[in-house]
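The structure appears right after this line, and notes come after that.
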């Protein structure tokens, strides 16, 4: 049961719960649980029964898939305020298609999926909010697929930098390690670092640890490795 006032308020303000009638919201909280994860603790494994979905309160969660060859492919990094696994409520998927592991100490609210799904039958506003959230995720997945199907590793890296840059100052701040970014781009960490250094030597970017600044956007777009 979720009883801590700050967590209840955090849940209430999220778009998946803000339109629920008070009686139904109280029922959802009665079946919700708070989970504390240490760094590298696993919340769920790929293939586990998909009975609950989650809202990240603090910390950082990595969603990833393990291929048949044993390779880890990064799917998404969840930041505080983001929900995940809620799309499974509306599909025939009975098992989690990804694993979830904490990248730092994290607090997660775990919500019982079956009860929440039944509660939505008379809540069109909440359903529309969920559809909007799923649409955003689908759009991001399509962008990821476009990036992965580009011809070369250099083009993948450049596309990533252009997508992530701040439009005001051209900065890209890596929220996770270079190893995880490389995994998301489908390349080896050494390849990712080598391409970044090549772009620095070409005067297209400046880099200090996880802080990257794009110096010449047009030239970066036209760059050929």
Could you list, in sequence order, all residues of the stretch 77-100 that are touching a residue at least 60 places away in the same chain (Cβ under 8 Å), buried (at least 18 other Cβ atoms within 10 Å of the Cβ) and either in a strand (DSSP E or B) or out of contact with any strand residue (DSSP E or B) (no Cβ under 9 Å at 6 or more places or on another chain) (or both)?
-> 83
Report whether or not residue 99 is within 14 Å of the chain's Cα centre (by Cα) and over 28 Å from residue 125 (Cβ atoms).
-> yes
Is it fair to say residue 53 is more than 21 Å from residue 181 (Cβ to Cβ), part of a helix (DSSP H, G or I) and at pLDDT 90 or above?
-> no
Positions within the stretch 18-30 being under 14 Å from residue 55 (Cα atoms) and modelled with pLDDT of 90 or more, in sequence order = 28, 29
Qualifying residues in the stretch 29-41 (those that are in contact with a helix residue (DSSP H, G or I) (Cβ under 8 Å, 6 or more places away or on another chain) and assigned to a helix (DSSP H, G or I)) - the one surrounded by the most Cβ atoms within 10 Å (Cβ to Cβ) = 29
Select from the stretch 154-195 the residues that are assigned to a helix (DSSP H, G or I), closer than 24 Å to residue 102 by Cβ and out of contact with any helix residue (DSSP H, G or I) (no Cβ under 7 Å at 6 or more places or on another chain) and list them in ascending order.
-> 164, 180, 183, 184
Residue count, the stretch 102-129, condition buried (at least 19 other Cβ atoms within 10 Å of the Cβ) and farther than 22 Å from residue 13 by Cβ, comes to 1
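For every residue, the table says whether it meets (1) in contact (Cβ under 8 Å) with a residue 12 or more places away in the chain; (2) crowded, with 19+ Cβ neighbours inside 10 Å.
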site: 4; (1), (2): yes, no
site: 12; (1), (2): yes, no
site: 27; (1), (2): yes, no
site: 43; (1), (2): yes, yes
site: 53; (1), (2): yes, yes
site: 63; (1), (2): yes, yes
site: 67; (1), (2): no, no
Can you find even one residue in the stretch 198-213 that is surrounded by 15 or more Cβ atoms within 10 Å (Cβ to Cβ), out of contact with any strand residue (DSSP E or B) (no Cβ under 9 Å at 6 or more places or on another chain) and at pLDDT 90 or above?
-> yes
Restricting attention to the stretch 51-94, which residues are at positive phi and within 18 Å of the chain's Cα centre (by Cα)?
-> 59, 81, 85
Complete set of residues in the stretch 139-162 that are under 16 Å from the mean Cα position of the chain (by Cα) and modelled with pLDDT of 75 or more | 160
Filter result for the condition that a residue is in the same structural domain as residue 61 (by TED's automatic domain parsing) and not in a helix (DSSP H, G or I), over 212, 111, 130 = 111
Among the numbered conditions (1) under 25 Å from residue 181 (Cβ atoms); (2) in contact with a strand residue (DSSP E or B) (Cβ under 9 Å, 6 or more places away or on another chain), tell me where residue 68 comes up short.
-> (2)
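The values are calculated or read from the model by the stated rules, or taken from the named source; none is laboratory data. Keep in mind it's a predicted model, so treat the numbers as computed, not measured. When we count neighbours, we look across all protein chains shown, and the Cβ atoms used for this are built from the backbone with ideal geometry, even at glycine.
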